[in-house]
Each structure stands twice: as C-alpha cells, then as structure tokens.
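Structure first, then comments.
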Amino acid sequence: MSLAGKSKMFLTMTFRWFLVFSVSIAVAAIDDDLIPSTLDGPFEPVTVPYDVSLRGNAVDLPDTDPRVRRCVEGFEPEQISVSLSVNYDSVWISWITGEFQIGNNIKPLNPNTVASVVRYGRSRVPLTDEASGYSLVYNQLYPFEGLHNYTSGIIHHVRLTGLKPSTLYYYRCGDPSISAMSDIYHFRTMPISGPRSYPNRIAVVGDLGLTYNTTDTIHNLKSNKPDLVLLVGDVSYANLYRTNGTGSDCYDCLFPETPIHETYQPRWDYWGRFMQSLISRTPIMVIEGNHEIEEQAGKQSFVAYSSRFAFPSEESKSSSPFYYSFNAGGIHFIMLGAYVDYSKSAKQYKWLERDLTNVDRSMTPWLVAAWHPPWYNTYTAHYKEAECMRLEMEELLYSHGVDIVFNGHVHAYERSNRVYNYTLDPCGPIHITVGDGGNREKMAIEHADEAANCPEPSSTHDEDMGGFCATNFTSGPAAGKFCWDQQPDYSAFRESSFGHGILEVKNETWALWTWYRNQDSSGKVGDQVYIVRQPELCLGSIKLPKSSFADS
C-alpha cells in the first residue's frame with residue numbers, strides 16, 4: 001500500500017471513530033440507558049410475550065364516521081395527497097373530484113370535463129407557479145349477476161418540477177375555470193442528496209386498513225412529525241368486503257362460495273378521506289400488497305392501486321407502478337413488487353440490476369429496500385411464503401450492500417440481526433417487518449419455532465407469488481428441518497402489537513430506528529436500535545463505486 005493510501009486509510013478510520021464517539025455522546029444525552037447499536041450485535045433473540053388486551057378495536061370505521069364522509073361539493077378536490085418523484089426537485093400532487101358510483105347501472109364520469117391544475121409557490125399568497133397534469137377514471141367490474149360494479153370519481157395527478165431542496169411550498173389543486181379549487185395546503189421538499197443530508201424522520205408502516213386501531217396508529221405517527229411516510233403494502237383492505245358492503249376479517253371463511261373475490265371499492269374512498277390530513281402535507285410512498293390485487297372482469301388486477309397513487313416509475317426508468325426507486329436526501333429507496341414477475345429473466349430483475357449499478361454511494365450512502373411479504377419471518381403466518389422471491393433476488397441485493405429492508409404482510413413486529421441466506425452475516429441487511437398498522441384481520445401471535453406450530457411445507461405456497469420454493473434448511477442449527485426449535489439466531493426482536501416505526505438517519509454511517517407500540521402513545525418505545533453501516537468491512541462482498549475506499 002502506498003504512503004498516500006495508508007494516510008487516507010488512517011484518516012478514514014479516524015473519522016469513523018469520531019462519528020461513533022460523537023453519536024454515542026448524543027445517545028447518552030437522550031436517555032439514561034444507552035441505546036444499543038448493531039455494533040453490539042448480533043443480539044440474542046428476544047420475544048415479548050403477547051398481551052391479550054392489545055387486540056383493541058380491530059373493527060373498521062363505518063361509512064357513517066365523519067372522518068370518512070365526503071365533505072366537499074360538486075367537483076371540489078378531496079382525497080388530496082403528495083408523493084415524491086426521483087429527486088428533491090419534483091413531487092406529485094394527486095386528488096379526486098366528483099362522486100364514485102356503485103350499483104348495476106353506473107355511468108363513468110368523463111375525465112376531460114375537469115382540468116388538473118396545481119397552483120403553488122414558496123409564499124402562501126400569491127401562488128406564483130402553475131402546473132397541469134392528467135386525469136383518469138377506473139372501474140371495478142364483475143361479469144356475474146347480482147354483483148355491484150363501481151366507477152371512481154375523476155383521479156388527478158400533477159407533477160411539480162423545478163423545486164428547491166428542503167423548502168416549504170404552498171399549493172392549491174383543482175380546476176380554476178369552474179371555481180373548484182381546494183384550500184391551501186403545504187409540503188416540504190426532500191433535502192438534496194449527499195452524505196450529510198437527510199430527512200429528519202421517516203415513518204414506516206404496513207397493513208394499515210381503516211380500523212379504530214388504524215386511527216391510533218396514524219394519530220401516534222402524526223405526533224412524530226415525519227417528513228415522509230413509507231407504506232409497505234396492504235392499504236384499504238377493500239377486498240375484505242363484498243360489493244354490497246358486507247365485510248369480514250376473513251373473507252374466504254365467511255364467503256367461500258363467491259364466484260370471484262369481490263371488493264367494496266368505496267373503502268378506498270373512505271381511506272383517502274381519512275388519510276388526507278396527513279398525506280396532503282407529508283409525502284407518502286406506497287408499494288403494493290396482496291390486498292391490492294383485487295381481480296375483476298377480464299382478469300384485471302391492481303387497478304385501484306395503480307390508478308389512485310402517483311409513482312415515480314417513468315422517472316426511475318421502471319415504467320411500472322409495481323417497482324420503482326427514489327432518493328430522499330442521502331438515502332436511495334428501492335420499492336419492489338412481490339406479486340409481479342421477479343425472476344432473473346423478468347423486467348423487474350433487469351431493472352433492479354440497472355438501478356443498483358447506477359447508485360452513487362458517495363451521494364446516497366444509505367440503500368433501503370422495501371416490498372410487502374418478508375423473507376425473514378419467524379411467525380406461523382406467511383412463514384417462508386416469499387421464499388421464491390428471496391432465492392431470486394437476495395444475492396443481488398446483498399452484493400450491492402443494501403442496508404435495511406422493510407416489509408409488512410405479517411401482522412406483528414420483528415427486527416432481524418444482519419443476515420444473508422439464513423446465516424448471521426455482518427454484511428447482510430437488517431430486515432424489519434412492520435405489518436402491524438392496525439387492520440381488521442387477526443394479529444399474528446404464533447411462532448413457527450414453538451412446539452406444534454411449524455407449518456406443513458405445502459401450506460406455505462401462495463399462488464399469487466408465482467411458485468413454491470419452501471424447503472428444509474440445509475445448514476445451521478435447523479439443518480434438515482422446516483422450522484427451528486427455538487427463536488432463530490437471525491431474529492433479534494419480535495412482538496405482536498399494533499404500531500409504526502420511525503427511521504432517523506443521522507449521518508452516512510448511523511441511523512436510529514424506533515418502533516412505537518400503539519399502547520405506548522405517551523412516548524415509551526417498543527424497540528430501538530442504532531443501525532450502523534460499516535461498508536469498509538464488506539468490500540469483498542459488496543459492489544461499490546470504483547472511487548469508494550480507493551487504495552485501502
């Protein structure tokens with residue numbers, strides 16, 4: 001190694017020691033008890049006993065609840081939301097005008113009759129800039145007598161461009177030609193990408209639905225004042241209802257003879273109205289879950305999901321709402337689809353390869369991936385269900401040094417140690433499951449490693465995920481078995497409670513992850529850990545830009 005190389009290595013390691021020391025001092029000031037970091041890991045597995053009182057009000061809000069009622073007139077905007085584009089300089093504004101229809105004789109609205117306009121600016125008055133977008137109407141149709149068809153209101157999407165980083169913008173949306181404009185709302189753009197530039201707080205939540213538990217989750221989430229919301233699948237749970245509005249927390253149990261899996265699309269409208277107070281000012285980024293499939297006539301699926309949200313698909317060169325990427329300061333987010341083809345020959349995989357190759361870790365040091373069903377899950381519910389996806393994609397994500405993976409699907413909370421191929425690995429990502437947003441389906445409380453709880457391998461197959469790959473472990477303490485006999489060493493912490501998480505990236509190496517249980521709304525946390533990046537330890541495993549750690 002050259003003298004210059006040795007000097008650079010010394011300065012690099014000295015700087016990293018300084019970061020560790022500085023954050024440790026900050027942590028000590030926050031709490032008398034030192035918050036653990038992944039430098040202390042791998043952690044011994046912990047299971048918090050299930051509290052039977054936590055089921056709470058897992059009952060959907062009725063359509064009479066004022067929080068889900070339509071409170072605008074004519075073509076005034078409602079269900080207003082903000083979502084991000086690829087970088088800080090652009091966002092999407094979405095909203096709906098006009099009333100949905102459901103029944104036997106529906107007549108879709110004409111999207112061309114109402115303009116899609118956003119007026120915005122850095123001052124509340126006047127709003128000096130204007131942008132136009134596009135609009136659409138979608139239908140949910142059934143080829144069976146007795147089922148009610150649905151047609152939406154007019155859904156508008158407008159992209160604002162040329163924005164400044166970390167800047168507060170005010171906006172109104174609607175059609176000014178017919179005096180149908182919204183009130184004035186505001187949002188703040190993401191910081192510029194860089195190793196020392198991050199949003200303050202990112203909320204992560206999954207499997208929300210629209211229950212009284214959901215309202216607790218969102219209330220607590222709002223109190224944390226996030227700059228961005230990440231929703232890792234399963235949004236409205238409209239598919240727990242028949243088209244006549246009759247619902248159940250187990251659709252297949254109560255309605256086993258229905259000719260097609262029905263959905264009650266007004267639940268999407270209720271969800272959009274309830275969430276508007278949050279997502280009209282805080283950007284939300286969504287990825288599809290299994291409850292968004294919603295098959296209808298002609299075997300169409302995911303139509304509500306694809307229509308109601310704006311995605312930076314074209315901007316991130318994916319051309320699909322099922323997988324895309326974006327930057328939030330020094331974090332590069334990759335959103336993947338588990339219910340579309342993810343095989344190595346598929347468009348999604350090839351897009352992922354290109355996206356990962358183009359990530360500049362000097363500008364976005366943190367690499368975070370999210371999709372709906374977890375690869376590392378020790379609950380009986382959905383155990384090894386996503387094994388085919390893991391086998392196809394895990395090596396690619398590992399080789400590019402993904403730091404954190406967020407999932408939902410399992411209605412509980414679980415955080416892993418650093419893991420790769422079911423083996424503790426200091427270069428593997430931390431996998432975090434937050435499918436505990438509060439929907440009306442049952443909470444996951446049984447663990448596959450408990451006596452008599454190990455599922456039959458054939459029961460883990462999910463036809464919506466494209467295959468069956470769940471087999472016995474081939475190495476490690478559970479070799480030759482389908483389940484461990486105790487909580488696996490890669491599972492660091494698990495608890496069956498409703499809640500949400502907050503990610504606070506402090507710098508290019510340290511990030512604070514906090515999971516808040518709904519029952520601890522006064523401020524006590526359920527789980528908390530500093531996630532520490534150590535890319536210099538994984539140069540042999542992780543593909544970094546050629547400039548990274550040169551001469552080291």
For segment 251-263, does any single residue satisfy the condition of being within 21 Å of the chain's Cα centre (by Cα) and within 30 Å of Tyr185 (Cβ to Cβ)?
-> no
Segment 321-343, residues that are outside any strand (DSSP E or B), open to solvent by less than 10 Å² (accessible area, probe 1.4 Å) and in contact with a Ser or Thr (Cβ under 6 Å, 6 or more places away or on another chain) = Gly329, Gly330
When residues of segment 344-360 are limited to those that are under 22 Å from Asn87 (Cα atoms) and outside any helix (DSSP H, G or I), the one least open to solvent (accessible area, probe 1.4 Å) = Val359
Being open to solvent by 60 Å² or more (accessible area, probe 1.4 Å) and within 10 Å of Tyr530 (Cβ to Cβ) is the filter here, so list the residues in segment 35-52 that pass it.
-> Leu39, Asp40
Would you check which residues across segment 261-285 are assigned to a loop (DSSP other than H, G, I, E, B), open to solvent by less than 10 Å² (accessible area, probe 1.4 Å) and over 18 Å from Asp207 (Cβ atoms) and list them?
-> Glu262, Gln265, Ser280, Thr282, Pro283
Is segment 115-131 home to any residue that is farther than 20 Å from Ser280 by Cα, open to solvent by 70 Å² or more (accessible area, probe 1.4 Å) and free of Cβ contacts under 8 Å to residues at least 40 places away in the same chain?
-> no
For segment 211-231, state whether one or more residues are surrounded by 19 or more Cβ atoms within 10 Å (Cβ to Cβ), touching a residue at least 40 places away in the same chain (Cβ under 8 Å), more than 25 Å from Phe322 (Cα to Cα) and of a type in the set (Asp, Glu).
-> yes
When you go through Val359, Val340 one by one, which is the residue that is free of Cβ contacts under 8 Å to residues at least 60 places away in the same chain and under 20 Å from Ala386 (Cα atoms)?
-> Val340
In segment 300-318, residue farthest from the chain's Cα centre (by Cα) [restricted to those that are assigned to a loop (DSSP other than H, G, I, E, B) and of a type in the set (Phe, Trp, Tyr)] | Phe302
Hey, Val340 closer than 30 Å to Gly194 by Cβ, β-branched (Val, Ile, Thr) and within 17 Å of the chain's Cα centre (by Cα) or not = no
Within segment 286-299, the count of residues that are crowded, with 22+ Cβ neighbours inside 10 Å and either of a type in the set (D, E, K, R) or not in a helix (DSSP H, G or I) (or both) comes to 6
Is segment 209-217 home to any residue that is among the hydroxyl-bearing types (Ser, Thr, Tyr) and either touching a Phe, Trp or Tyr at 6+ places or on another chain (Cβ under 7 Å) or more than 19 Å from Ser497 (Cα to Cα) (or both)?
-> yes
Please verify whether segment 378-386 includes one or more residues that are in contact with a helix residue (DSSP H, G or I) (Cβ under 8 Å, 6 or more places away or on another chain), open to solvent by less than 10 Å² (accessible area, probe 1.4 Å) and over 23 Å from Tyr237 (Cα atoms).
-> no
Can you find even one residue in segment 141-162 that is touching a Ser or Thr at 6+ places or on another chain (Cβ under 9 Å) and without any contact (Cβ under 8 Å) to a residue 40 or more places away in the chain?
-> yes
Sort through Thr97, Thr64 and tell me the only one that's hydroxyl-bearing (Ser, Thr, Tyr) and surrounded by fewer than 14 Cβ atoms within 10 Å (Cβ to Cβ).
-> Thr64
For residues that are of a type outside the set (Val, Ile, Thr) and open to solvent by less than 10 Å² (accessible area, probe 1.4 Å), tally how many sit in segment 84-94.
-> 4
Hits in segment 132-154 (condition: aliphatic (A, V, I, L, M) and surrounded by fewer than 18 Cβ atoms within 10 Å (Cβ to Cβ)) | Leu136, Val137, Leu141
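The values are calculated or read from the model by the stated rules, or taken from the named source; none is laboratory data. Predicted model, so just to flag it, every value in this text is computed and none were measured. Every residue, glycine as well, gets a Cβ built from its backbone with ideal geometry; the counts of neighbours run over all protein chains shown. These area figures cover heavy atoms from the full protein model, side chains too; ligands, DNA and RNA do not enter into them. Shrake-Rupley method; radii C 1.70, N 1.55, O 1.52, S 1.80 Å.
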